[in-house]
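Report on one structure; see the data block that follows.
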Amino acid sequence: MKKNIFVMISGILIFTLFSCNDHNSDLDEIKEVNRIAIDSVKLVNDTMQVFAVQSIITYSDYTSGCEGFYAYDYRRDNFDRYVSTYKFKTDGDCGNSGAYATKIDFQPRETGNYTFKFWQGTDSENNDIWLEKTVVVE
């Protein structure tokens, strides 16, 4: 009996997987993904306890209707954290540009001084520019 139930459930799953239509013509197609400057950062506390969680809010400019937050690139190097934001751009109609917020939840696992470096673009010599914030974890 258990074998028949497994076969029936497997058959339903296979039918469901192959009968799904992932194409939705109402959605705009993503045309590109690019790194975007983090204009500002909001830390609730610059001191926190180990294992506590703090949301770090970042602000970047997006054009409404055709751009939005795609992902963070979050790299760790000892107590340094390098954060870059990526946006997507679609083939949809673009509206006005404005600052939009996204967040990272930070939960340190050891005490120390953590330096966050948020990517703000490049200078005239193509060197990265970083906005730095320090969080002391006790």
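For SER124, the conditions (1) closer than 18 Å to ILE30 by Cβ; (2) of a type in the set (Gly, Ala, Ser); (3) without any contact (Cβ under 8 Å) to a residue 24 or more places away in the chain are fulfilled apart from (1). When restricted to residues that are free of Cβ contacts under 8 Å to residues at least 60 places away in the same chain and over 16 Å from ASP80 (Cα atoms), region 94-118 contains 9. As a summary of the residue check, VAL136 satisfies the conditions (1) in contact (Cβ under 8 Å) with a residue 60 or more places away in the chain; (2) loosely packed, with under 15 Cβ neighbours inside 10 Å; (3) outside any strand (DSSP E or B) except for the one numbered (3). Within region 53-84, restricting attention to residues that are at pLDDT 95 or above and among the β-branched types (Val, Ile, Thr), the residue that is farthest from the chain's Cα centre (by Cα) is VAL53.
Residues are listed down the side, and each one gets a yes or a no for (1) at pLDDT 90 or above; (2) loosely packed, with under 14 Cβ neighbours inside 10 Å; (3) under 30 Å from GLY95 (Cβ atoms):
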residue: LYS3; (1), (2), (3): no, yes, no
residue: PHE15; (1), (2), (3): no, yes, no
residue: SER19; (1), (2), (3): no, yes, no
residue: SER25; (1), (2), (3): no, yes, yes
residue: PHE51; (1), (2), (3): yes, yes, no
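Search region 99-119 for residues being charged (D, E, K, R) and assigned to a strand (DSSP E or B), and hand back the single one that is surrounded by the most Cβ atoms within 10 Å (Cβ to Cβ). This residue is LYS117. Return yes when LYS42 is at pLDDT 95 or above, more than 15 Å from the chain's Cα centre (by Cα), outside any loop (DSSP other than H, G, I, E, B) and loosely packed, with under 13 Cβ neighbours inside 10 Å and no when it is not. Yes; evaluated as a whole, the condition is true for this residue.
The values are calculated or read from the model by the stated rules, or taken from the named source; none is laboratory data. Note that the structure is predicted; figures quoted are calculated from it, not measured. Heads up, the Cβs are rebuilt from the backbone with ideal geometry, glycines too, and the neighbour counts pull from every protein chain shown.
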